[in-house]
1. If I take R0 = 25 Å and measure r between the Cβ atoms of Arg85 and Ser47 in this structure, what FRET efficiency does the formula 1/(1 + (r/R0)^6) give, to the nearest 0.05?
2. With Cβ to Cβ distances under 12 Å as the rule, what net charge do the other residues near Ala54 carry (K, R +1; D, E -1)?
3. Per residue of the stretch 87-92, in order, report the coupling 6.51 cos²θ - 1.76 cosθ + 1.60 (Karplus, θ = phi - 60°) as ³J(HN,Hα) in whole Hz, putting x for Gly and Pro.
4. Considering only the other residues whose Cβ falls under 10 Å of the Cβ of Arg80, what net charge follows from Lys and Arg at +1 and Asp and Glu at -1?
5. If r is the Cβ-Cβ distance from Ala76 to Ser29 and R0 is 41 Å, what FRET efficiency results, to the nearest 0.05?
Amino acid sequence: MQVSGMKAAVAVYPNDAVAEAAVIELQKSGFGLKRFSIAGKHIDQESDAAPIAATKCGDVPAFEEFVLRHIQRVFAVAQRITKNREDAKDVA
């Protein structure tokens, strides 16, 4: 998917541990985490189904709604991975 000239990718993992391992591998490979978002299995599937479907179709406001709904969880996971509050802010 490409949004506003930016490339985006979505990956789904069975649990947080597997997702964190993937993020750590990205980090080790030099992947820039400043434009990186995380969403885990904790997602409320009913209330998130519509914004996720709309996001897959390129609806930027739907993506923003989804991210804002989960930003605290995203930050917590990012901080656990980076072990640094400032880096976690960049990632989240």
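1. Working: r = 29 Å, r/R0 = 1.15.
Calculated transfer efficiency: 0.30.
2. Values: positive: Lys56; negative: Asp48, Asp59, Glu64, Glu65.
Net of charged neighbours comes to -3.
3. 5, 5, 4, 5, 5, 5
4. On the way: positive: Lys83; negative: Asp16, Glu20.
Once all neighbours under 10 Å are counted, the net charge is -1.
5. Working: r = 23 Å, r/R0 = 0.57.
Computed FRET efficiency for Ala76 and Ser29: 0.95.
Where a number appears in this text, it was derived from the coordinates with a stated rule and is not lab data. Keep in mind it's a predicted model, so treat the numbers as computed, not measured. Methodologically, a virtual Cβ is constructed for each residue, glycine included, from the backbone with ideal geometry; neighbour enumeration extends over all protein chains shown.
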